[in-house]
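To start, the structure under review is shown below, and the notes come after it.
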Amino acid sequence: MSAVIDSHHDDHHHGPAKGFSRWLYTTNHKDIGSMYLWFSLIMLFIGGAMAMVIRAELFEPGSQIVSPEFYNQMVTNHGLIMVFGVIMPAFVGFANWMIPMQIGAPDMALPRLNNLSFWILPVAFGILLSTFFMEGGAPNFGWTFYAPLSTEYAPPTVTFFIFSVHIMGASSIMGSINIITTILNMRAPGMTLMKMPLFVWSWFITAYLLIAVMPVLAGAVTMMLMDIHAGTSFFKAAGGGDPVLFQHIFWFFGHPEVYIMILPAFGIVSHIIETFSRKPIFGYSSMVYAIASIALLSFVVWAHHMFTVGMPIAGELFFMYSTMLIAIPTGVKVFNWLSTMFKGSLTFETPMLFAIAFVALFTIGGLSGIMLAIAPADFQYHDTYFVVAHFHYVLVPGALFSLLAAAYYWIPKWTGKMYDETLGKVHFWMSFISVNLTFFPMHFVGLAGMPRRIPDYAMQFADWNMMVSVGAFLFGISQLLFLFIVLKCIYNGKAATTEVWEGAKDRGFEWTVDSPAPYHTFSSPPSMESLKSSS
Amino acid sequence: MEARKSTLKLILFTFGMFGFGFALVPLYDVFCDITGLNGKVTGPTITTYDQEISSREVKITFVTSNNKQMPWSFKSSSPQMKVETGQDYLMDFTFTNTTDKPMIGQAVPSVSPGRGARYFHKTECFCFEQQFLAAGESITIPVKFIIDPELPDDISSLALGYTLFDVTEEFANLQAKN
């Protein structure tokens, strides 16, 4: 005990520096985590504004507000920003804040690399967003940037886009190397791999996925760069290349990427459900194996994104069945969450509401995913709004809801103050209703044949599209309420206890430190015996 | 120093995966070559078949198209022909430079259905060769081909498609570099 008091005393001199240089030079995992989270929140509003432009244009059939060219730029950058600028950095932010605290480490293993991996991100997105003000406009070829749309037919700003993707990739890879090294080497004594909190496990596996596929993406954009500027023919049929090759390489990255955006969410939701069910998670080891098998399977399913390019029947069958296999570990997870809640002493605070909505709505997205996996049916669904509905269901009420849940769950520990529970519930119900109003009707228009990525549509889709747009505007406003709740919590919240949530102290090291968490935590490692649920 | 070791390993893994991304390019070609997927066809091959093998009739369709704004006229002398498997045939393709400046074109072949590609043997063709044509010049080049008698029974027609690309600029750039 005296060791703890001593180290606390030492830390007194090196608290955070003052002013902007604190943030520029910081190597503290909590500072960097906060910067990642603020960055992704800002990007959420930028990408969200683009979604609002898209929905305003689609409010009624016909050309309304923006030109088709600008509409394409909106669709492309909305996708790129939400994937690379919101979901991924937000999860890295949570990893930075929580992994050292959950494994009882004083900081990340490579703190300077950590600083670098954050600070190149605003540079990458600065480059990407600057293309809006350049001749030829921003990238307009969709977030999947299929060649030759992104090479021969691309606006001249594509080179900026390529460098921006390179930098984003470098940032993710550095972050992942840091996370794996931290988890492998800095766990508290006695915390074996199979005693790690599930959020740590999910990030451990996600980080491996990232360093396996982000370099492949870097390779793909490098090939594009060479095709455009060095006269090579990777994707040019005239020189013996093949545009379909681009799709294979892209989705070899792209499919593991979709699990990169959901596996950490699985970890977060597991923690929240066990806390508010007041029971340890049901089937801990099956949860770990499920995450690992989803990650492994993600490498052999990529071509289900491209059933319609003309594949032999054997290929279609292989990718169809391998994709459907993923439903098994995912189902294991969903049933484990339900079993954890079964006969638990449930309470429904805001994080729990978001977590339960996650389980229900993510499952809807999973089920439409199985429909899309059916190769013969996919020929009808391909490139329709059904696909848009599917991936928004797994990414918005899936990944984004888990991020909101995590923010409510851990913000009392970060700030030492409670958020406004009533406003939190209002935020949840507004988000829950509007997210369904936005994305559920997309299934119907998609099945009826409305193609994605178009600024105009046939008259028969008008009613549903108007509903979707209303839902989207409401969802956008709801997230402004979230910003207000966060600010209110920081400046005007009631003090939070050390434990924050009833019984949380026994479930993780992060709940054993003061609220707000001191600038330096676990200068000496905690003991596993202090956690009841570890035994 | 454990942390240093894991960091180095992970950095190596990263570079390995970057290399793997590029290795996918030849792997893809080899895979398509072995399996005959994707309608990929190779250059001229020398093939003859024993006349004894029972042959059957297959309909061949010739499709010519121009990429982007390639202004040349590019046609086969007939859009379709009926052939017997295992026998040599010949089809003329005519390229005409309709512009008033010299240009370089290149036609890239593809066979559909992709599954049939490996049974479509071209014994003489202009595959992957550049055509230099002066302003207004025209040239007719034959493609000699033979359909493998092993062609699966359920395939009764094949299409040979050529897409004509304008490679004048690429070629000039290449010359400038050398």
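Leaving out ligands, DNA and RNA, calculate the buried accessible area for the pair A and B with a 1.4 Å probe, summed over both sides, in Å² to the nearest 100. Kindly include the intermediate steps, with their values, before the conclusion.
Details: alone 20940 and 11190 Å², together 29620 Å².
So the buried area, both faces added, is about 2500 Å².
Computed from Cα positions, the angle between helix A:313-325 and the longest principal axis of chain A comes to roughly 20 degrees.
One decimal place: the segment residue A:42-residue A:21 gains 5.5 nm when fully extended, by the rule 0.36 nm per residue minus the C-alpha distance. Each residue, residue A:425 and residue A:347, gets one label point 7 Å from its Cα in the Cβ direction; the gap between the two is 1.3 nm. Cβ-Cβ distance of residue B:84 and residue B:174, R₀ of 41 Å, FRET efficiency by 1/(1 + (r/R0)^6): the value works out to about 0.45. Under the criterion of Cα pairs below 8 Å and six or more residues apart, the relative contact order for region A:19-534 equals 17 percent. For the protein assembly as shown, the solvent-accessible area works out to 42 Å² per residue, with a probe of 1.4 Å and every protein chain left in place.
A crude spin-label estimate for the pair residue A:153 and residue A:453, with each label 7 Å from Cα along the Cβ direction, gives 0.8 nm.
Within 10 Å of each Cβ in B:165-172, how many Cβ atoms from other chains are there, averaged over the peptide?
Details: counts 4, 1, 4, 0, 1, 5, 1, 0.
Per-residue shielding by partner chains comes out at 2.
Please compare each pair in A:343/A:425; A:18/A:279; A:279/A:417; A:195/A:488; A:195/A:494 to a cut-off of 31 Å on the Cα-Cα distance and tell me which ones are over it. Going by Cα-Cα distance, A:18/A:279; A:195/A:488; A:195/A:494 fall outside the 31 Å limit.
Taking R0 as 30 Å, what's the FRET efficiency between residue A:144 and residue B:9 from their Cβ-Cβ distance, rounded to 0.05?
Numbers: r = 32 Å, r/R0 = 1.05.
According to the calculation, E is roughly 0.40.
Can you tell me how chain B classifies by the Cα gyration tensor, rounded, prolate or oblate, using a/c under 1.5 as the rounded cut? If you can, show how the numbers build up before the last one.
Values: a/c = 3.13, a/b = 1.36, b/c = 2.30.
Since a/c reaches 1.5 but b/c is at least a/b, the shape of chain B is classed as oblate.
Taking Cα atoms only, the orientation of helix A:385-394 departs from the longest principal axis of chain A by about 10 degrees. Mean per-residue shielding of peptide B:16-29 is 6, counting Cβ atoms of other chains within 10 Å of each Cβ. Taking the accessible area of region A:19-534, probe 1.4 Å, and keeping the other protein chains in place, the carbon and sulfur fraction comes to 71%.
Working out 0.36 nm times the residue gap between residue A:529 and residue A:339, then minus their Cα-Cα distance, what length gain in nm do you get to one decimal? Intermediate results must be reported in sequence, preceding the final value.
Numbers: separation 190, 0.36 × 190 = 68.40 nm, distance 2.63 nm.
Taking 0.36 nm per residue and subtracting the Cα distance, the gain is 65.8 nm.
Expressed as a whole percent, the accessible area of region B:39-177 that falls on carbon and sulfur atoms is 49 (1.4 Å probe). If I fit a long axis through the Cα atoms of helix A:29-57 and take the longest principal axis of the Cα atoms of chain A, what angle between them do I get, 0 to 90°, rounded to 10? Computed tilt is about 30 degrees.
Each of residue A:513 and residue B:68 was given a label point 7 Å from its Cα along the Cα-to-Cβ line. The distance between the two points is 5.6 nm. The mean number of partner chain beta-carbon atoms within 10 angstrom of a residue's beta-carbon across peptide A:232-245 is 5. About the centre of its Cα atoms, the protein assembly as shown shows a dipole size close to 2000 debye [charges on the beta carbon of Lys, Arg (+1) and Asp, Glu (-1) only; nearest 20 debye]. Relative to the current alpha-carbon distance between residue A:309 and residue A:123, full extension at 0.36 nm per residue lengthens the span by 63.4 nm. Relative contact order of region B:39-177: 35 percent, from C-alpha pairs under 8 Å at least 6 residues apart in sequence.
With r defined as the distance between the Cβ atoms of residue B:77 and residue B:33 and R0 fixed at 35 Å, what FRET efficiency is calculated, to the nearest 0.05?
Working: r = 30 Å, r/R0 = 0.87.
After rounding, the FRET efficiency stands at 0.70.
Surface calculation, 1.4 Å probe, protein heavy atoms: residue B:124 sits at approximately 80 Å² accessible.
Which order do peptides A:342-348, B:81-87 fall in by mean Cβ count within 10 Å, highest first? Kindly include the intermediate steps, with their values, before the conclusion.
Numbers: A:342-348: 12.0, B:81-87: 15.7.
Ranked by mean Cβ neighbours within 10 Å, highest first: B:81-87, A:342-348.
The values are calculated or read from the model by the stated rules, or taken from the named source; none is laboratory data. Source: prediction; values computed, not measured. Positions of Cβ are backbone-derived with ideal geometry, glycine not excepted, and every protein chain shown enters the neighbour counts. Only protein heavy atoms, including side chains, enter the accessible area calculation; ligands, DNA and RNA are left aside. Shrake-Rupley method; radii C 1.70, N 1.55, O 1.52, S 1.80 Å.
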